[in-house]
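Scroll down for the structure; my scribbles are underneath it.
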Amino acid sequence: MSDNQTVQQVSGTCRRRVGEFIVTAVNDGLIPLPPEVLDGLTPDEVATALTARFRPPEPHVTVGGYLIEHRGSLTLVDTGCGDQMGPTMGRMIANLMTVGVDPGRIDRILLTHLHADHAGGMFDADMAAVFPRAEVFLSVDEERHWYGDTPPTDAVGVSEHVNGYARGLRKAYAGRWHPVGEEEVAPGIRRVALPGHTPGHSGWHISSGDEELLIWGDITHVPVIQIARPEVGMVFDVDVEQGRNTRRQILDRVASDGIAIGGMHLEFPGFGHVVRTGQGYEYVPALWRPEV
Ligand SMILES: [Zn+2]
């Protein structure tokens with residue numbers, strides 16, 4: 001191994017137990033974004049906040065999902081971006097394979113929302129389903145947002161591309177596509193409405209015995225800033241103000257009740273707790289254990 005050549009990271013998975021469930025964080029990659037993506041801070045303030053936490057001066061957003069194993073069934077929460085977002089991303093399938101799970105074994109996919117870094121991994125370059133058996137669950141509000149009368153445009157207004165993506169996604173999973181409310185979709189797993197980032201943005205809550213885990217989707221994108229300062233939003237939030245309110249509410253709830261959290265953009269491996277600190281909150285990563 002040479003001294004100064006880039007070398008690949010060794011592993012993109014990490015496991016924890018939630019009662020009867022084994023939950024595995026599965027990384028999809030890391031993507032640098034310009035400081036302007038954060039709403040409510042100047043680029044200089046972003047750089048200052050990040051370097052104070054020993055991060056590069058521009059936001060580096062971790063992307064990932066979670067595999068849930070329970071009584072022989074395999075559930076994937078979000079699928080990463082596939083080949084839609086460049087060379088530092090799209091590693092979810094390779095990482096799943098390292099724990100012996102190929103896409104054909106996945107029984108169900110739970111989506112936090114339909115953005116490409118969460119659902120883009122569901123189809124390949126030919127727009128064919130990557131997960132041949134999986135039943136797909138998403139919120140009815142997300143379904144309405146993407147497939148209703150006024151479909152979303154992306155940041156530069158290229159709605160053609162966005163609509164092609166969304167239509168292709170639903171078509172690839174025709175007959176296996178299930179918009180749901182907040183009911184259980186499998187024993188011990190239910191959706192939690194967390195609107196703002198998108199109208200149907202969802203968390204997925206797992207409970208077993210007296211243990212629970214809330215996978216909170218995109219409540220934060222740059223957690224080293226937004227957990228301490230929940231008022232900082234994301235320009236990709238469909239409703240920044242609603243996103244801010246939802247973030248404050250859910251941070252209060254998980255801190256008050258001591259609920260373990262996961263999140264698609266928490267820094268890998270993305271299991272931890274939130275504690276209250278004066279005006280804001282602090283993220284406390286979970287202890288890594290060799291056996292779960
Ligand atoms: Zn996201």
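Computed from the coordinates by the stated procedures, all read-outs in this text should not be read as laboratory data. Since we're looking at a predicted model, the values are computed, not measured. Virtual Cβ from ideal backbone geometry, glycine too; neighbours counted across all protein chains shown.
Which percentage, to the nearest 5, of the DSSP beta bridges contained in segment 171-292 is antiparallel?
Approximately 85 percent, going by the DSSP bridge assignments.
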May I ask what percent, to the nearest 5, of DSSP beta bridges between residues of segment 13-285 are antiparallel? 75 percent
Which value, in debye to the nearest 20, gives the size of the charge dipole of segment 13-285 about its Cα centre, when Lys and Arg are +1 and Asp and Glu are -1 at the Cβ? 600 debye
Show the residues, 5+ positions off or on another chain, whose built amide H is closer than 5 Å to the amide H of T112. D78
Quick calc: nm separation of the 7 Å Cα→Cβ label points for E241 and V10 -> 5.0 nm
Comparing F271, F54, F137 in a Gaussian network model of the chain (Cα, 10 Å), the one with the largest mean-square fluctuation is F54
Distance from a point 7 Å along Cα→Cβ of I22 to each backbone N in segment 247-290: keep the residues under 19 Å and list them by number. 269-271, 287-290
From the square roots a ≥ b ≥ c of the eigenvalues of the alpha-carbon gyration tensor of segment 40-80, which class results: rounded (a/c under 1.5), prolate (a/b over b/c), or oblate? prolate
Farthest toward the dipole's positive end in segment 13-285, which of L76, G40, V18, given Cβ charges of +1 (Lys, Arg) and -1 (Asp, Glu) about the Cα centre? V18
For E182 and V275, extending 7 Å from Cα along the Cα-Cβ vector and measuring point to point gives, in nm, a value of 2.9 nm
How far, in nm, would the chain grow between R167 and D3 when pulled straight, counting 0.36 nm per residue and subtracting the alpha carbon separation? 54.3 nm
How far, in nm, would the chain grow between V99 and Q249 when pulled straight, counting 0.36 nm per residue and subtracting the alpha carbon separation? 50.5 nm
How big is segment 103-211 in terms of Cα radius of gyration and Dmax, in angstroms? 14.2, 47
Once you have all Cα-Cα distances for segment 13-285, histogram them in 10 Å bins from zero and send the whole-percent values. 7, 31, 39, 20, 3, 0
Identify, among T98, V275, V130, the residue whose Cα sits farthest towards the positive end of the charge dipole of the chain, taking +1 on the Cβ of Lys and Arg and -1 on the Cβ of Asp and Glu, with the dipole about the Cα centre. T98
For the chain, modelled as a GNM with alpha-carbon contacts under 10 angstrom, which of A47, A134, A25 fluctuates the most? A47
